[in-house]
Amino acid sequence: MSKKPVIGILTWREGKRFGEPGYLRRLVTAGKRMGAETFLFSHQDVNTAEKKIRGFVPAKGGGWESRLFPWPEVVIDRYRKREDAYMRLRHGGVFQFANSPFGKKWMVTELLAKDDRVKRWIPETYVYAKGKVKAMLDRYPIVYVKPGNGTGGRSIVKISQAGKHFLIQGRDRRLQRRKASFATRDGVESWIQKWVREQRIRDGNFLVQQGLDLSLVPGRVADVRLLIQKNSAGEWEVTGSGVRLGETGSSISNLHGGGKAISFQSFVGKRFGPERTKLIQQECHRMAHEIASVLEEKFGRMMEFGLDVGVDVAGRVWLIEVNPKPGREIFRQMGDTRTYEEAIARPVSFALHLINSGQVQTKGGRKTGA
């Protein structure tokens, strides 16, 4: 009887507390269902000298149980914190990974903005420096200031011109709403200087970005979350997309901040009609494939990307952000169970493709290859 393929999932843990436990539980279960020995582990669980690894799997009554596992043939990286011990393991050549390390948000934005294949979809973006906000407000009616390493809508502010005043709306690091109003660009600039100092996330910088008018519903921000993943044949495929609609008066659409999930067709179709909606969706898919291709050329083998996409009031498509370790909760919140389950299973089916096609080389393992 042939040995089961072994897939490890690298993630943060403290005791038996894991980052994103609900998703990881489903990911391990999907691996087991697909015939793979699948487990979670963190950097502190690896004994390189003895080639032993302590792994965790869901326990029957809830929680997690741990035991020693065989050395994984391929590892899926879901670690979201740039901690030193993780970085040493990630770059130490110990494992074959399904997904390569990724660059910082600003570096990625700069790379895409310079590439002829994708630059038409990238809003004008700069690293924050004194005077940049004023300069951008001279050119655009909406400007965003956001952390280059943020998640979940934290520390983001939207600056918009309202008559003769400038209105600032945003959320701080704790997702509390913040508002301010100024008569001059200088007033905005000094407020933002303080914000950048106080709301910094770890040691990251801030970005100043051309704002987009995404209020397809008056007074509410909406954007598209699109998930593109490698399938079981190792090819990029859009798994699905949905719209996140922010609360009335909120400057962000994030589901963390009270936004709600709606199907792409029904939401965009209401504004643009079925024919134009189909064209907009096709462009979103084309953009996702182009961006995945450009980023994989730069960073090496990747497995999935979550794209935050803006469709502005004129129907123009923009890339807001790329996430190499995306969530997939939007599909569950939309009630699209089939897409949600496929979104969970695909990382495992891609890892199995790498093992079965000989694209991972394990010392003493079953397969060798490129």
Of all the accessible heavy-atom surface of region 155-225, with the other protein chains kept in place and a 1.4 Å probe, what percent is carbon and sulfur? 45
Name the GluC sites (Glu not before Pro) in region 226-332 that are in a loop by DSSP and that have at most 14 other C-beta atoms within 10 Å, would you? Glu235
Straight-line reach only, C-alpha to C-alpha below 18 angstrom: list the lysines that Lys278 could link to, leaving out same-chain residues fewer than 8 apart. Lys270
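Counting other Cβ atoms within 10 Å, keep those with at most 10, restrict to DSSP loop, and tell me which trypsin sites (Lys or Arg not before Pro) in region 144-249 are left.
The qualifying sites are Lys164, Arg174, Arg202.
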Taking the chain as the reference, fit the longest principal axis to its C-alpha atoms, fit the long axis of helix 337-356 to the helix C-alpha atoms, and give the angle between the two in degrees, 0 to 90, nearest 10. 50
For the chain, calculated [θ]222 nm from helices alone, where every DSSP H run of n ≥ 4 adds -39500 (n - 2.57): -10000 deg cm²/dmol
Rounded tilt (10° steps) of 185-198 against the dominant C-alpha axis of the chain: 30
How much of Asp213 can a 1.4 Å solvent probe reach, expressed as accessible area in Å² and rounded to 10? 70
Rounded to the nearest 10, the angle in degrees between the Cα long axis of helix 21-33 and the longest principal axis of the Cα atoms of the chain comes to 40
Among DSSP beta bridges whose residues both lie in region 1-124, state the antiparallel percentage, nearest 5. 50
Local net charge near Glu237, Cβ-Cβ under 12 Å (Lys/Arg +1, Asp/Glu -1): -1
Determine the gain in length on full extension of the stretch Arg197-Lys260; use 0.36 nm per residue of separation and subtract their C-alpha separation, reporting nm with one decimal. 19.6 nm
Can you tell me the order of 17-25, 341-349, 121-129 when each peptide is scored by its average per-residue count of other Cβ atoms within 10 angstrom, highest first? 341-349, 121-129, 17-25
Whole-Å distance, taken between Cα centres, linking region 70-92 and region 16-67: 14
What is the distance in Å between the Cα centres of region 299-317 and region 126-182? 21
Which Rg and Dmax, in Å, describe the Cα atoms of the chain? 21.8, 76
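For region 86-140, what number of Lys pairs, 8 or more residues apart or on separate chains, have alpha-carbon atoms under 19 Å from each other?
For region 86-140, the number of qualifying lysine pairs is 5.
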Let's test the formula: R0 of 41 Å, r as the Cβ-Cβ distance of Asp186 and Glu283. What FRET efficiency results, to the nearest 0.05? 0.55
Please report the antiparallel percentage of DSSP beta bridges with both residues in the chain, rounded to the nearest 5. 85
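The values are calculated or read from the model by the stated rules, or taken from the named source; none is laboratory data. What you see is a predicted model; the values in this text were computed from it and never measured. Cβ: placed from backbone, ideal geometry, glycine included. Neighbour counts: every protein chain shown. Quick note on the areas: whole protein, heavy atoms, side chains included, nothing else; ligands and nucleic acids left out. Shrake-Rupley method; radii C 1.70, N 1.55, O 1.52, S 1.80 Å.
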